[in-house]
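Enquirer: The following block contains the structure, expressed as structure tokens.
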Amino acid sequence: MINISSRQLRIFIAAAKHKNFTRAAEEIHISPPAISMQMKEIESLVNAKLFFKEGRKLTLTSAGEYFLNYARHILQTLNETERVISQLKGDQIEIIKVGIISTAQYFLPQVLKQFRQKHPQYKFILEVRNRDQLIELLRDGNIDVAIMGLVPKEINTKAYSLANHPHVFIASPSHPLSIIKRIKPAQLGNFELITRERGSGTRAHMETFLNDYDIEPQIIMEMSSNESIKQAVIADLGISFVSRHTLASELKNKELKILDVIDTPINRKWHVVTLHPTALNRSVELLKDYIINQTQTILNKLVS
């Protein structure tokens with residue numbers, strides 16, 4: 001039997017993720033030489049070479065790829081075991097780790113508030129990240145459930161559809177496009193565009209739409225914050241593409257206008273996502289069902 005610690009598994013997973021001992025050391029909060037020493041010990045324990053090293057860059061060997069999958073599974077199992085034992089001990093407060101894409105922050109806190117009113121024994125750790133980052137957190141067992149649009153194909157998950165998630169092009173009321181009816185998609189290529197960063201679901205939806213119409217966008221600015229994007233559009237720096245659910249306040253105050261672009265809104269789905277195949281513990285199952293049942297009602301208020 002391999003005598004390896006959970007800490008060593010975390011070190012290996014960090015090294016595999018960053019493919020660099022220095023960045024792995026920053027994540028684990030130990031020195032790079034300590035990472036190097038631990039990796040040598042891990043390879044000795046499993047009796048296999050786990051990395052090829054070219055300069056500072058690491059590449060997983062075939063054995064390393066297999067070991068990475070099992071290391072993640074072991075840590076996920078340990079996390080679940082800790083949770084179950086806590087429940088059996090009758091601990092009064094239980095923490096559920098929830099990850100959301102930034103557009104979900106406009107409705108999910110309301111869902112969580114209502115959930116806690118019914119189940120005050122639960123508390124939450126809430127991670128607001130882009131889609132790629134959420135996939136990584138979910139894969140590594142650092143969150144229990146994720147709220148996102150595009151369902152991950154990179155990892156084995158179980159996804160439950162929540163509600164429609166429309167996306168629209170927006171401009172300031174003074175922008176030339178704001179007064180045009182039935183805007184042809186090709187016209188968008190004539191104007192400067194402010195976008196979300198690569199790795200976000202919104203950016204992926206926008207790029208799919210533009211590619212479908214063979215449009216070369218004039219991207220002048222990338223931002224990781226929906227609020228910053230909206231402020232830039234209000235300032236008339238350009239047009240943008242955002243989730244309709246982020247616009248309630250700005251539309252009410254007539255600070256922004258949804259552009260009447262043909263074939264928009266682009267309707268996708270919100271999803272609640274968990275790792276699969278893994279039996280959900282009763283707490284995560286309870287939260288997942290509540291999110292599914294309550295989300296549409298709250299979203300309806302955002303677009304009414």
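Enquirer: Evaluate the following for Asn164: is it open to solvent by 20 Å² or more (accessible area, probe 1.4 Å), touching a strand residue (DSSP E or B) at 6+ places or on another chain (Cβ under 8 Å) and under 27 Å from Lys254 (Cβ atoms)?
Expert: yes
Enquirer: Within the range 215-242, take every residue that is within 17 Å of Arg203 (Cβ to Cβ), in a helix (DSSP H, G or I) and among the polar types (S, T, N, Q) and give me the one that is nearest to the chain's Cα centre (by Cα).
Expert: For the range 215-242, the residue satisfying everything is Asn226.
Enquirer: Checking the conditions here, which among Leu177, Leu193, Leu188 is part of a strand (DSSP E or B), over 12 Å from the mean Cα position of the chain (by Cα) and buried (at least 17 other Cβ atoms within 10 Å of the Cβ)?
Expert: Being part of a strand (DSSP E or B), over 12 Å from the mean Cα position of the chain (by Cα) and buried (at least 17 other Cβ atoms within 10 Å of the Cβ) holds for just one of Leu177, Leu193, Leu188, which is Leu193.
Enquirer: Considering only the range 112-143, state which residues are in a loop (DSSP other than H, G, I, E, B) and without any contact (Cβ under 8 Å) to a residue 60 or more places away in the chain.
Expert: Pro120, Gln121, Arg129, Asn142, Ile143
Enquirer: Does Val284 meet the test of being in contact with a strand residue (DSSP E or B) (Cβ under 7 Å, 6 or more places away or on another chain), within 17 Å of Pro109 (Cα to Cα), of a type in the set (Val, Ile, Thr) and touching a residue at least 12 places away in the same chain (Cβ under 8 Å)?
Expert: It is true that Val284 is in contact with a strand residue (DSSP E or B) (Cβ under 7 Å, 6 or more places away or on another chain), within 17 Å of Pro109 (Cα to Cα), of a type in the set (Val, Ile, Thr) and touching a residue at least 12 places away in the same chain (Cβ under 8 Å).
Enquirer: Also: Restricting to the range 243-257, and then to whatever is part of a loop (DSSP other than H, G, I, E, B) and open to solvent by less than 50 Å² (accessible area, probe 1.4 Å), can you tell me which residue is modelled with the highest pLDDT?
Expert: The qualifying residue modelled with the highest pLDDT is Leu256.
Enquirer: Just for the range 30-59: of the residues that are under 29 Å from the mean Cα position of the chain (by Cα) and open to solvent by less than 30 Å² (accessible area, probe 1.4 Å), which one is nearest to Ile11 (Cα to Cα)?
Expert: Going through the qualifying residues, I end up with Ile35.
Enquirer: Which of (1) open to solvent by less than 40 Å² (accessible area, probe 1.4 Å); (2) in a helix (DSSP H, G or I); (3) not hydrophobic (A, V, I, L, M, F, W, C) is the odd one out, the single condition His271 does not satisfy?
Expert: Evaluating His271 over (1) open to solvent by less than 40 Å² (accessible area, probe 1.4 Å); (2) in a helix (DSSP H, G or I); (3) not hydrophobic (A, V, I, L, M, F, W, C) leaves (2) as the failure.
Residues checked against (1) within 17 Å of Pro109 (Cα to Cα); (2) free of Cβ contacts under 8 Å to residues at least 60 places away in the same chain:
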| residue | (1), (2) |
| --- | --- |
| Ile229 | no, yes |
| Arg244 | no, no |
| Ser249 | yes, yes |
| Lys254 | no, no |
| Lys257 | no, no |
| Asp260 | no, no |
| Asp263 | no, no |
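Enquirer: Continuing with the same structure: When the residues of the range 63-97 are filtered to those that are open to solvent by 90 Å² or more (accessible area, probe 1.4 Å) and part of a helix (DSSP H, G or I), which remaining residue is modelled with the lowest pLDDT?
Expert: Going through the qualifying residues, I end up with Leu88.
Enquirer: Among the residues of the range 150-160, write down those that are exposed (fewer than 12 other Cβ atoms within 10 Å of the Cβ) and either touching a Gly at 6+ places or on another chain (Cβ under 7 Å) or in contact (Cβ under 8 Å) with a residue 12 or more places away in the chain (or both).
Expert: Once the filter is applied, which keeps residues that are exposed (fewer than 12 other Cβ atoms within 10 Å of the Cβ) and either touching a Gly at 6+ places or on another chain (Cβ under 7 Å) or in contact (Cβ under 8 Å) with a residue 12 or more places away in the chain (or both), the range 150-160 yields Glu154, Asn156.
Enquirer: Identify all residues within the range 98-112 that are surrounded by fewer than 20 Cβ atoms within 10 Å (Cβ to Cβ) and farther than 15 Å from Leu299 by Cα; write none if there are none.
Expert: If the condition is that a residue be surrounded by fewer than 20 Cβ atoms within 10 Å (Cβ to Cβ) and farther than 15 Å from Leu299 by Cα, then no residue fits.
Enquirer: Same structure, new question: Could you count how many residues in the range 1-42 are assigned to a loop (DSSP other than H, G, I, E, B) and either aromatic (Phe, Trp, Tyr) or closer than 15 Å to Arg56 by Cβ (or both)?
Expert: Qualifying residue count, the range 1-42: 2.
The values are calculated or read from the model by the stated rules, or taken from the named source; none is laboratory data. In this text, all values refer to a predicted model and were calculated from it rather than measured experimentally. Quick reminder, even Gly has a Cβ in these numbers, built from the backbone with ideal geometry, and neighbours come from all protein chains shown. Heads up: the accessible areas ignore ligands, DNA and RNA and are worked out on the full protein's heavy atoms, side chains in. Shrake-Rupley method; radii C 1.70, N 1.55, O 1.52, S 1.80 Å.
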